[in-house]
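Take a look at the structure below.
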Amino acid sequence: MLEEIINQWKNDPEIISNISRWEILPEKKAEYASFPEWVEPQLKKALQNRGIDKLYTHQAEAVETVYRGNNAVVVTPTASGKTLCYNLPVLNRIINEPHARALYLFPTKALSRDQVVELLGLVEETGIEVNTYTYDGDTGTSIRNHIRQKGHLVVTNPDMLHSGILPHHTKWMRLFENLRYIVIDEMHHYRGIFGSHLANVIRRLKRICRFYKSNPTFILCSATIANPRELAETLLEEPVVEISQNGAPHAQKHFLFYNPPVINRELGIRRSAMLESQKLAARLIQEGVQTIVFTRSRLGVEVLLSYLREKFKSLPGHDSGLRGYRGGYLPNERRAIEEGLRRGEIKGVISTNALELGIDIGRLDACVITGYPGSIAGTWQQSGRAGRRTGQSLAVLVASSAPLDQFMVNHPDYFWQNPPEKAMVNPDNLIILTNHLRCAAFELPFKEGDTFGNAPVQEILDFLAEEEVLYRSGGQYHWMENSFPAEEISLRSATSENVVIVDNTEAQPRVIGEVDRFSAPMLVHEEAIYMHGGQQYQVEKLDLEEKKAYVRAVSVNYFTDSNLSVDLKVMEVFEEEKEKVHRHWGEVRVNALVSMFKKIKFNTHENIGSGPVNLPETEMHTTAFWISFPEGTLKGMSRSEVQSGLIGLSHLASHLAPLFLLGDPRDMRAVSQVKSPFNELPTLYLYDNYPGGVGYSQELFKKWKEIFNTARQRIYTCGCLEGCPSCVGPVEEVGEKGKEHTLQLLEVLCP
Ligand SMILES: [Zn+2]
């Protein structure tokens, strides 16, 4: 069926005229290597019984590297047999050395589940005693002691390692004394805040291993990113060998770049990406082609799901094969959807990147990506969901009208010729480092002059001693507080708390989902429409103290979107460069307030009303890059023209910055001030959207020219007259001649 649709699309002028690139990735044959000689016969036999009688070349290279005692990072696509790269050396070692132990880390419980099933099957096949246990929040207390004493293979996640294992290391002596391997799967998850935390958890882990005199080898696996070895070496602070020549086979794949048609040339308005995706996906699903549709937001999932359900209403049998999938759905619901996809019962799933990688849903036929995911790496990861070993598969990227999308769809070579982005982490983020130093001091005392990984920490230790968190005696720093530091530190964000969503429609209230504390003011303010499983709910009350949002089922023809207003103040300058323009990198304080929301009509996306939001503002200290125009550089421009140019510039820069940083567009935000309180000059700020910052703005301080050059290119290629959402922003925001004013500023930035 897929082949037929592909052929029809090739000959359909209505489709083909929207396609800016039709790339065919050729079929790739497998490359094999034989088992290394050191593989124990019973392990080899067990693998053969499971249908593995030779290795892919990358697997052979990985297991050899690890066998020789070197750390390895394996970078290959989904379903290329990466788990064998660690299971083989680990099991082989345990056969030879029955006391040996290994620790497996997965970013989430959900991601470890499928891997454990596979591992248990292999262990059973070998017939040897390898005690394999998952140790996480769900592990019963009665079995915990048994795991600590007897577990050869302990599967856990960074959060549990941080708060449940490291602080109690004395109970885990057997594990730490005999720890030979540490497996870190899905390494690409560890970027930004989470990665910066993990780097510090690893510092603590290695410190405890040294105490128990073990020196484990690390095996890491990652999806494709630009700098896997650099990221691995930053996380471990040790040399790592990179293995990235994939030996696994894959079938032919069609990859299409699709730009929705223009419906108003002057205003630069295109048909919505959502509606075009719906059209393409409906065609595929209707023909029984198993399809995943990615959207960028949770709201997108719900809107698209209700559009498609509506469309299939008249076709009996089709509706039951459609599901939504996103964060905020409860675990049982998600498991059922994954299972349905694996069995082929679910024909179509609309998802956020929650289903991006790692979770086993089998291989699908087609993938429709609604809106550029914000990075080259993310695009490859999502498109990787479609692809069987034989036959054909299809991935379509449907561009939205955002500048980055329009840049990509108009310059497809940029995507096809560039490596994916770098993953950034900042292990020395002062807030994160200090928090983990407290945890580390609780675990084992520090000596004067000690470092923590590569970080010099004497100054922080003295500070903590002054604050009476640590007690200094005989050249050592001891923990002296009663509290347990790891408990109050979340690895996922600055705040660990979620707001639960309670449905009050029936007499018996029930919890239907959750949102994180930071997003709550934007998503579940009073009167917001919250969507779940295609059903609409209106928020009746948001109780931030109790962390509950009360909702009631409704049926309306709109969804809501909230406006965020931001105030920014410079606190400290870390670096500056005063040439023609002034550039800075430093610390800022950001105050954010959700002040109002808009009601947006389904299908037409018209604005049909608005209302106020009365919630307290949130405050955050973070790092920012900012650029100012000194007097004389903008001669001849009035203040309002400068303002219009700055608005255009912030629209472009905030949308294009993710091109140069592996990050979600939400990781960075832009603010402009026509006369900044900092230096009284017109200034554009781009800040890390996380407390303490994670290194994006520092990178921008170096890469600013590339971003502004790309911005200029975007304005030149955009077909609109005065400005549109695809370049400097809609005319209502940027003003008439917005394009011209933005170009004037860009002339100064990159002459
Ligand atoms: Zn435009």
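The values are calculated or read from the model by the stated rules, or taken from the named source; none is laboratory data. All values derive from a computational prediction rather than experimental measurement. Cβ sites come from the backbone with ideal geometry, for glycine too, and all protein chains shown count toward neighbours.
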Legend entry - Members of the range 224-271 found to be buried (at least 20 other Cβ atoms within 10 Å of the Cβ), in a loop (DSSP other than H, G, I, E, B) and within 16 Å of the ligand (Cβ to nearest atom), listed by number: N259, P260, G268
Inset, instruction - Would you mind finding the one in V590, V613 that is under 30 Å from N353 (Cα atoms) and within 26 Å of the chain's Cα centre (by Cα)? - result: V590
Legend entry - Condition broken by D114, with the remaining ones in (1) farther than 21 Å from R385 by Cβ; (2) modelled with pLDDT under 95 satisfied: (1)
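Residues to consider are E606, E546, E540; find the one that is at pLDDT below 85, closer than 30 Å to E506 by Cβ and out of contact with any Gly (no Cβ under 7 Å at 6 or more places or on another chain).
E546
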Inset, instruction - Return a yes/no flag: does the range 716-723 have any residue that is charged (D, E, K, R), touching an Asp or Glu at 6+ places or on another chain (Cβ under 7 Å) and part of a loop (DSSP other than H, G, I, E, B). - result: yes
Inset, instruction - Output the residue which, of all residues in the range 260-306 that are among the polar types (S, T, N, Q) and within 28 Å of the chain's Cα centre (by Cα), is modelled with the lowest pLDDT. - result: S297
Legend entry - Residue selected from the range 713-724 under the condition under 15 Å from H655 (Cβ atoms) and surrounded by fewer than 18 Cβ atoms within 10 Å (Cβ to Cβ), by the criterion nearest to the ligand (Cβ to nearest atom): T717
Legend entry - Options V748, V728, V694: the member that is away from the ligand (no atom under 12 Å from the Cβ), among the β-branched types (V, I, T) and not in a helix (DSSP H, G or I): V694
Inset, instruction - Evaluate the following for N200: is it within 16 Å of the ligand (Cβ to nearest atom), in contact (Cβ under 8 Å) with a residue 40 or more places away in the chain and on the phi < 0 side of the Ramachandran plot? - result: no
